[in-house]
Each structure stands twice: as structure tokens, then as C-alpha cells.
1. Give Ser239, Ser264 a once-over and let me know the one that is modelled with pLDDT of 50 or more, farther than 19 Å from Glu151 by Cβ, out of contact with any Asp or Glu (no Cβ under 6 Å at 6 or more places or on another chain) and small (Gly, Ala, Ser).
2. Does the stretch 95-103 contain any residue that is closer than 22 Å to Leu147 by Cβ and under 19 Å from the mean Cα position of the chain (by Cα)?
3. Yes or no: the stretch 36-48 includes at least one residue that is at pLDDT 95 or above and part of a strand (DSSP E or B).
4. Just name the residue that is farthest from Leu294 (Cα to Cα) out of those in the stretch 96-115 that are part of a loop (DSSP other than H, G, I, E, B) and touching a strand residue (DSSP E or B) at 6+ places or on another chain (Cβ under 6 Å).
5. Filter the stretch 73-91 down to the residues that are touching a helix residue (DSSP H, G or I) at 6+ places or on another chain (Cβ under 9 Å) and surrounded by 11 or more Cβ atoms within 10 Å (Cβ to Cβ), then identify the one that is farthest from Phe29 (Cα to Cα).
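The values are calculated or read from the model by the stated rules, or taken from the named source; none is laboratory data. Given the structure is predicted, the values throughout are model-derived calculations rather than measurements. Every residue, glycine among them, receives a Cβ derived from its backbone with ideal geometry; neighbour counts consider all protein chains shown.
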Amino acid sequence: MAGTDEEAVAAADDALYVLTAVLLTPAKFPSVLGDDYPEACAALGLAPLADGYGLVLGQDGEGARWTVAIDDVSLVAVAIASWDCGMEYELSPDERTVVAALPGWPLAVAVAAPGVPAPHDPGPEADDRPPLAPPDTSVWGPAQRRLGADEIALQWATWREQVDDSEFPAPASSEASASAADGGKTADASDGRSAADASDGPSAADGPDGRAATEGPQGREASDGPDSPAATAPQGGHSGIRRVLAEVRAYIDSPPPLGRVRSSFAPGDARTLRADGPGWSLVARTDDIAFVLLDEEPGEVLPVGRGPELPGLLEALDKMAVRPN
């Protein structure tokens, strides 16, 4: 970076036109940055503060992209809530709250500030660090896998419709009765078998409209997902699901880094659970089933039936999960 951190902050703060903002907290952070909160902070060179940060994305007077991290989390939370409700809110952070100014944007933003040049990365004379950039959606990898999990959590009802409930047996009192009831076709938390064949459904990288969702300005934006095969749920045992469920169970006995297990609101008395780990993401409702996405299976969404063990596993995860304030 040219000059000092203070000079970079001043450069980014000079007539910064705010386009959007996102939270970077233990309970809510851009999943493209990492599997957990410390990893997401490290991707931006920030210390994992307990209260987190607000990330303000905007352009300077020359049109350059900047991401400004501030420690006034409440200010950014109010702005996001207002935008999500369709209300105008002028987000103007106090310069005393600015922690860092980073070149580029880590997320895709589909809007631009009026009256300034088109969005572009700052030149090396302003900051010689590699600029932040959204993940390449033409390939499948950890960031795309996490974006796919984001989409499932956001559009749970639509994704849930892809699974035929008739493929799932009624909850049984033991593994033996559950196995007899499903004839070995349904996924549960004990054997990791996958559920209904969803080969005609959308891919993990695609939302209901074929686009992968990310947080966007004053609401939500979308970026094209990778060209990956349609989601499938292969019959029989699935080693990837078994591995994920084993690692999730291990989280209960040995808590993982902060933010790897998160709990958010869901209709009724349920909660939406999100867990991530090396090479996998899991999304579940505490009163329903779970979905697993794997790095080694591009674009596939693997349903996991409740069976006799999943309800208790999800309950235990919810108790240890980080929740929004």
C-alpha cells in the first residue's frame, strides 16, 4: 500500500459514494470470505473483534471501488434493515469509526454511483495491495459452495419442494425400524444415505431463478452461478454425507471456530441452522431435514432425512450456535 494506513483511509473516505453495506460479525458475515468468522476477518486483514464490523462498499470521486470497515456495527445494521424494508437511509459513517479502507469489493455489486466514472479498482498509486474481488462464478470451489448454501437458507421453501416427502419414512424409535421403513433409500443422520432423486432440480450454485444470491445494495444482489450439473441425490450410502455428519457431531464435543455454526430465525418455532467445515456446508431447519453441499461434488445438493438421529443433532447444534443479537 502506498503511504500509511491513515492515508489509504483518507483516500477512500474522500467523497465516498456508499452503494451498499454488509455485516461482518460472528453471527452474520459474507460467506464468500470463509467458513467461520475468524477466517472471514483474516481474508480482509482484520482482527476478529467480538462485536464485529460493518463493511461499507462504495466508490470514490474517481469511481474507484473501496471497502471500508467500520466498528459501528449498529449503524450498518440499521441501514441494512431500512434498505430491506424499502426505505431510504443515508449511511454516512463517522471517520472516527473507520478501521480500515481496502481496495476493491469482495462481493458483486450491480449498481454504481451516478456522476462518477464506472467502477474500477484503485491504481497502485492509491493502494498497491491486490484489490478485493468477488469469487469466480464460472468454477466450483469453497466460495461457490458456501454461496450455494446461502441460497438454500434464503429460499428454503423453494428448495424443500424439490424433495418428495414420500421418500422419507416417518420418524422411527430406532435405527433398525427406520431402516426397515425406508428400505435403504432415505438419508438419515445415522448412515448418511441420500434421499429423493432430485436430478431434475436446480443446481447448488443456482437459485430458483438460476442465479446465486449474495448480499447486495439496499436489499440483495445476484451474480451468475457456475455452469454445474443439476443437483442429484444418489441412492445408497454416501461417504461424503457420512463424513459431514461425523464432523458436525464432533463440533458438539469440541466447539469449532466462532461462526462455523450459526442459528437464525425461521417460521414458527423453528430455527435455520448453518454449519460449515473443510470442504462442506450444511443447511437445516430444526423441525425439518438438512441439505449438504460438498466441494468434491460441484453443483450437487444432497438432502439428508431426519431419521432417528437428525432431530437431536440439530437441537444440540442450535444450543451451541452463534445467534444474531
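1. Going through Ser239, Ser264 in turn, just one is modelled with pLDDT of 50 or more, farther than 19 Å from Glu151 by Cβ, out of contact with any Asp or Glu (no Cβ under 6 Å at 6 or more places or on another chain) and small (Gly, Ala, Ser): Ser239.
2. No, because not a single residue in the stretch 95-103 is closer than 22 Å to Leu147 by Cβ and under 19 Å from the mean Cα position of the chain (by Cα).
3. No.
4. So the residue we want is Ala113.
5. Tyr89
Rundown of residues vs (1) in the same structural domain as Gly61 (by TED's automatic domain parsing); (2) in contact with a helix residue (DSSP H, G or I) (Cβ under 6 Å, 6 or more places away or on another chain); (3) at pLDDT below 90; (4) at positive phi, yes/no style:
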site: Arg96; (1), (2), (3), (4): yes, no, no, no
site: Asp121; (1), (2), (3), (4): no, no, no, no
site: Pro131; (1), (2), (3), (4): no, no, no, no
site: Glu151; (1), (2), (3), (4): no, no, no, no
site: Asp164; (1), (2), (3), (4): no, no, yes, no
site: Ser173; (1), (2), (3), (4): no, no, yes, no
site: Ser177; (1), (2), (3), (4): no, no, yes, no
site: Asp182; (1), (2), (3), (4): no, no, yes, no
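Matching residues to (1) outside the structural domain of Tyr17 (by TED's automatic domain parsing); (2) touching a residue at least 12 places away in the same chain (Cβ under 8 Å):
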| site | (1), (2) |
| --- | --- |
| Gln59 | no, yes |
| Ser74 | no, no |
| Met87 | no, no |
| Leu91 | no, yes |
| Val99 | no, yes |
| Ala113 | yes, yes |
| Ala118 | yes, yes |
